[in-house]
Amino acid sequence: MNEQTNSQRRFTVIELPVLPIVKQSLLLPFKYLPELVKYGGIPFLLILAADAICFLLEREDVSRSATGSAMALAHFILFTPFSVAWTRLALYGRPAIANHPPFAYSRTQWLYLLATTAMLVLMTICVGLPATLLLYGQRTLNTQITIEATTLLLVGLFLFALLFFRLAFIFPAIVVGRYAGISAAWKQTAGNLERLAAVIVLSYAPFYVVRRVFEWFMGYRPPGLTSVAREIVDMLLVALATTALAGPALAYKSLVLDQREDALALAASTPSRA
């Protein structure tokens, strides 16, 4: 009887509460504004400094692709400590980061950065290579290459989205020290692909829309104070958008951590048989 009950429980899919998680994720920056400033301030200032260096390099005729790649790399490296702290805050609240340094790299941060790098490599393979081939076909006016590259790009986008959503729990698992491999992360999201995708997209969408509206409102501005103000506000919006990583963290808490605690509580309350 116990084996049958455990078997049924093992294959029961727990539906992810999308809207409550999205709401909590979007309100997190306002609920924990002091922590947002404390842990996001240093990366934000360093990114501004890196942006200024890239601007100077562009004036020395360094290609925008090179400076853009450098900025993307700097963003992931500098914001990794913030991502770890914010994920821990989303999962456990203020007590979990009471003694957490504002900006530091330890084993957790390096593992998190490694996972991010692996995801970027995956995106480059699935999306970047077909996109490069598509640009080549368009520039050379080669219709056959353009059609094939477009097909590969669509397939690559679908494949990357599938892998990204199914493996999203790798990042919060690293933060809490419970990373158990790709297979475990894949199984943990089983049956909730659409809901998890909705959580991630909806958690990020408002910040993306605000950023696009801001860019449309500002339009082109020559270098100067206005341009500097634009960069500062733009980076603030990027920093806020980064907090959307709370979405998958809260989903991980709902599907994995809370269920594990319930199972432990049930096991503790069930009398053992002699």
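The values are calculated or read from the model by the stated rules, or taken from the named source; none is laboratory data. Since the model is a prediction, treat every value here as computed from it, not as a measurement. FYI the Cβ positions are ideal-geometry reconstructions off the backbone, even for glycines, and counts take in every protein chain you see.
Key figures for this structure:
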{"read-out": "Selection status of W216, part of a helix (DSSP H, G or I), at pLDDT 85 or above and more than 16 Å from the chain's Cα centre (by Cα)", "value": "no"}
{"read-out": "Failed condition for R107, given (1) within 20 Å of the chain's Cα centre (by Cα); (2) under 24 Å from S203 (Cβ atoms); (3) not small (G, A, S)", "value": "(2)"}
{"read-out": "Filter result for T124 (free of Cβ contacts under 8 Å to residues at least 60 places away in the same chain, of a type in the set (V, I, T) and touching a Ser or Thr at 6+ places or on another chain (Cβ under 8 Å))", "value": "no"}
{"read-out": "Pairs with Cβ under 7 Å, 6+ apart, first in the stretch 135-153 and free of Cβ contacts under 8 Å to residues at least 40 places away in the same chain, second surrounded by 12 or more Cβ atoms within 10 Å (Cβ to Cβ) and aromatic (F, W, Y)", "value": "I145/Y136"}
{"read-out": "Some residue of the stretch 161-174 being modelled with pLDDT under 90, surrounded by fewer than 14 Cβ atoms within 10 Å (Cβ to Cβ) and out of contact with any Gly (no Cβ under 8 Å at 6 or more places or on another chain)", "value": "no"}
{"read-out": "Test: residue in the stretch 85-95 that is part of a helix (DSSP H, G or I), in contact with a His (Cβ under 9 Å, 6 or more places away or on another chain) and of a type in the set (A, V, I, L, M)", "value": "yes"}
{"read-out": "Subset of the stretch 15-48 that is small (G, A, S) and crowded, with 20+ Cβ neighbours inside 10 Å - its residue that is farthest from L196 (Cα to Cα)", "value": "G40"}
{"read-out": "Filter result for R195 (among the basic types (K, R) and over 30 Å from Y105 (Cβ atoms))", "value": "yes"}
{"read-out": "The stretch 236-256, subset more than 11 Å from F169 (Cα to Cα) and over 16 Å from the mean Cα position of the chain (by Cα), residue modelled with the lowest pLDDT", "value": "L236"}
{"read-out": "Unique match (being aliphatic (A, V, I, L, M), exposed (fewer than 15 other Cβ atoms within 10 Å of the Cβ) and at pLDDT below 90) among L114, L135, L154", "value": "L135"}
